[in-house]
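First up is the structure itself, then whatever we jot down about it.
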Amino acid sequence: DPQAFLFDEPLSNLDAKLRVAMRTEIKELHRRLGTTTIYVTHDQVEAMTMGDKIVVMRDGIVEQLGEPLELYDRPINKFVAGFIGSPSINFIEGRIEAGNFIADNGLKIPIARPPAGAEGRRITYGIRPEHFTLSEAGMPAEVVITEPTGAETQYVVRGIAEGNFSCVFRERLNARPGDTIRISPEAEKAHLFDTD
């Protein structure tokens with residue numbers, strides 16, 4: 001009759017199908033016993049699907065504590081935003097100017113609500129891959145790789161900022177590597193982080 005259980009990466013050596021089955025078994029066991037369970041993992045999908053509360057740590061320091069969707073929707077810093085979510089969030093460096101985000105390459109991206117006192121400051125703009133929409137008025141992006149998964153298709157694109165960007169769409173596109181698509185970030189879902 002322990003007061004708590006500690007699981008230290010128990011599923012890391014299992015194949016994908018067995019890993020999903022065991023997640024279900026462990027969650028059912030926890031529900032049935034009601035005993036506090038601490039589950040250590042580097043797999044963010046495991047953390048998101050199994051945890052009631054998640055503690056994101058770096059170098060032994062707690063970066064953020066909260067419910068899974070709270071950490072996903074409202075990460076407190078760039079580290080947490082980059083750690084939670086697969087594929088990972090996209091980051092662009094730039095500054096706030098006249099209520100817009102201006103990337104270092106000059107690209108102007110509208111934002112929903114500029115933070116108070118942010119005018120002219122260095123900002124890191126974060127946008128999750130699923131928070132892009134296809135739009136004729138959007139930014140042109142060259143398709144580098146397509147990864148169809150069935151329900152969704154992940155596109156790796158370039159041309160928005162330095163390096164590659166990930167976009168996830170539920171719509172089926174016929175875009176192939178080398179094609180240009182036009183995409184717009186959903187302004188209200190962007191994350192802004194003080195670069196300093």
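The table below lists the values:
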item	result
Unmet requirement for Ile183, which otherwise passes all of (1) in contact (Cβ under 8 Å) with a residue 60 or more places away in the chain; (2) in contact with a Cys (Cβ under 7 Å, 6 or more places away or on another chain)	(1)
Arg128 of a type in the set (D, E, K, R), closer than 23 Å to Pro87 by Cβ and in contact (Cβ under 8 Å) with a residue 40 or more places away in the chain	yes
Subset tally (residues that are out of contact with any Lys or Arg (no Cβ under 8 Å at 6 or more places or on another chain), assigned to a strand (DSSP E or B) and under 20 Å from Asp73 (Cα atoms)) for region 118-153	3
Residues within region 75-112 that are within 29 Å of Thr153 (Cα to Cα), open to solvent by 50 Å² or more (accessible area, probe 1.4 Å) and either in a strand (DSSP E or B) or charged (D, E, K, R) (or both), tallied	6
Leading residue by the ranking (modelled with the highest pLDDT) among those in region 155-177 that are open to solvent by 80 Å² or more (accessible area, probe 1.4 Å) and assigned to a loop (DSSP other than H, G, I, E, B)	Pro177
Residue check, Asp8 open to solvent by 60 Å² or more (accessible area, probe 1.4 Å), over 15 Å from the mean Cα position of the chain (by Cα) and without any contact (Cβ under 8 Å) to a residue 24 or more places away in the chain	no
Any hit, region 17-24, residues being in contact with an Asp or Glu (Cβ under 9 Å, 6 or more places away or on another chain), more than 30 Å from Arg182 (Cα to Cα) and in a loop (DSSP other than H, G, I, E, B)	no
Condition check for Pro115: in a loop (DSSP other than H, G, I, E, B), touching a Pro at 6+ places or on another chain (Cβ under 8 Å) and open to solvent by 10 Å² or more (accessible area, probe 1.4 Å)	no
Odd one out for Thr37 among (1) out of contact with any helix residue (DSSP H, G or I) (no Cβ under 9 Å at 6 or more places or on another chain); (2) closer than 27 Å to Asn77 by Cα	(1)
Region 98-109 residues that are without any contact (Cβ under 8 Å) to a residue 12 or more places away in the chain, paired with ones that are buried (at least 17 other Cβ atoms within 10 Å of the Cβ) and charged (D, E, K, R) (beta carbon under 6 Å, 6 or more apart)	Ile102/Arg95
Selected residue (criterion: most open to solvent (accessible area, probe 1.4 Å)) from residues of region 131-154 that are in contact with a Leu (Cβ under 8 Å, 6 or more places away or on another chain) and touching a residue at least 40 places away in the same chain (Cβ under 8 Å)	Leu134
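Each row is one residue, and each column tells you yes or no for (1) open to solvent by 50 Å² or more (accessible area, probe 1.4 Å); (2) within 21 Å of Ile76 (Cβ to Cβ); (3) modelled with pLDDT under 95.
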position: Asn13; (1), (2), (3): yes, no, yes
position: Ala16; (1), (2), (3): yes, no, yes
position: Ala47; (1), (2), (3): no, yes, yes
position: Gln64; (1), (2), (3): no, yes, no
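The values are calculated or read from the model by the stated rules, or taken from the named source; none is laboratory data. Computed from a predicted model, the values in this text were never measured in an experiment. Note: ideal-geometry Cβ built from the backbone for every residue, glycine included; neighbour counts use all protein chains shown. For accessibility, only protein heavy atoms count, side chains too; no ligands or nucleic acids. Shrake-Rupley method; radii C 1.70, N 1.55, O 1.52, S 1.80 Å.
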